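One structure below.
The values are calculated or read from the model by the stated rules, or taken from the named source; none is laboratory data. All values derive from a computational prediction rather than experimental measurement. Glycine also receives a Cβ, built like all others from the backbone with ideal geometry; neighbour counts cover every protein chain displayed.
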Amino acid sequence: MSNAIRIRASSWSGLFDCAYKWEGQNLLGMRMPSSPRALLGTAIHAGTATFDLAKLNGKMASVDEAANDFINALHHPEYEVDWRADDSINKRSAEVIGLTLTSDYCNTISPRYEFAAVELEITPFNIDCGDGVIIQLTGTLDRCRIRKDNGGLGISDVKTGSVAVEPDASGKGRTAKTKGHAAQLGTYEILAEASLQQLITEPAEIIGMKTKGKPEIATGLIYNPRLVMLGNEDAPGLIEHAAVMLKSGLFPPNPSSWVCSQKYCPRWNSCIYKTN
Ligand code: SF4
């Protein structure tokens, strides 16, 4: 399989946001320092994963251990972080927000669940695009849990961010922001089924953690997200669209993307499609 293109599963959904940016990051090796809020998200995930992995392995899950791992990940990132990129947050306020969310998650959210897997390492998954082009999805389902519901297994994905929680449809309650996440969760469903050799039958779920303003956690459901990836008789799925891009080598830019900014895109300086 000499011409297999290896892609981290967690990067896959970015292909359907700005494909030109995705090509820069994943095929051309363009990098930029991470933002403080991205690091905060990574650190929260490290802490909450410690807690849930202990539960999964039948051990006594400890909020203190989760908090310690959060602090360690915040202060010792494995990559470069530009704290000057966001003047709305500093290390001290990141600690306060992250510790609040980590302990809230451990004390009130995690106890609602029984997990079948936490941050599952996937069996490499090949997508044959035709004409000898094969995409191989690898890595772990970062930030993702496989939960056991009464009806079967479902994906729960933890998302952090400034607007990860929003008003619900009634305007009276709060829900996790689900818009824009179907491609990633659909991919995770397909990969989890292939790795676990079990069907994922329950709706996908976002566990949203808001990291700006008052810290908040809320959940929201996405029904049948894999439809977006696989398509149906009326419309091709995103996998088919991806195959066309990878075979042709043409990756369309998306200057309307919310990540189209100097802050988030490593291709910004050379990109002729951006709108200032
Ligand atoms: S600058 Fe905007 S359009 Fe260009 S690659 Fe980056 S996100 Fe895409």
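If I ask for residues that are touching a Gly at 6+ places or on another chain (Cβ under 8 Å), closer than 21 Å to residue 123 by Cα and not in a helix (DSSP H, G or I), which ones from region 1-34 would you list?
3, 8
Of the residues in region 87-103, how many are charged (D, E, K, R) and crowded, with 17+ Cβ neighbours inside 10 Å? Full working, then the answer.
Step one: of region 87-103, the residues charged (D, E, K, R) are 87, 91-92, 95.
With crowded, with 17+ Cβ neighbours inside 10 Å added as a condition, the list becomes 95.
The total comes to 1.
Give me the pairs, please: first residue somewhere in region 246-274 and near the ligand (Cβ under 8 Å from one of its atoms) and at pLDDT below 90, second residue anywhere and hydrophobic (A, V, I, L, M, F, W, C) and assigned to a loop (DSSP other than H, G, I, E, B), beta-carbon distance under 7 Å, and either six or more positions apart or on two chains.
259/18; 259/265
Before we move on, is residue 12 away from the ligand (no atom under 14 Å from the Cβ) and among the aromatic types (Phe, Trp, Tyr)? Please lay out each step first, then the result.
Values: away from the ligand (no atom under 14 Å from the Cβ): yes; among the aromatic types (Phe, Trp, Tyr): yes.
Yes; evaluated as a whole, the condition is true for this residue.
Can you name the number of the only condition in (1) modelled with pLDDT of 95 or more; (2) within 16 Å of the chain's Cα centre (by Cα) that residue 17 fails?
Every condition holds for residue 17 apart from (1).
Which one of these is among the acidic types (Asp, Glu), at pLDDT 95 or above and in the same structural domain as residue 10 (by TED's automatic domain parsing): 205, 189, 240, 193?
Values: 189 fails: at pLDDT 95 or above; 240 fails: at pLDDT 95 or above; 193 fails: at pLDDT 95 or above.
Among 205, 189, 240, 193, only 205 is among the acidic types (Asp, Glu), at pLDDT 95 or above and in the same structural domain as residue 10 (by TED's automatic domain parsing).
Please work out if residue 120 is over 21 Å from residue 48 (Cβ atoms), in the same structural domain as residue 258 (by TED's automatic domain parsing) and surrounded by 16 or more Cβ atoms within 10 Å (Cβ to Cβ).
Numbers: over 21 Å from residue 48 (Cβ atoms): no; in the same structural domain as residue 258 (by TED's automatic domain parsing): yes; surrounded by 16 or more Cβ atoms within 10 Å (Cβ to Cβ): yes.
So residue 120 fails the test.
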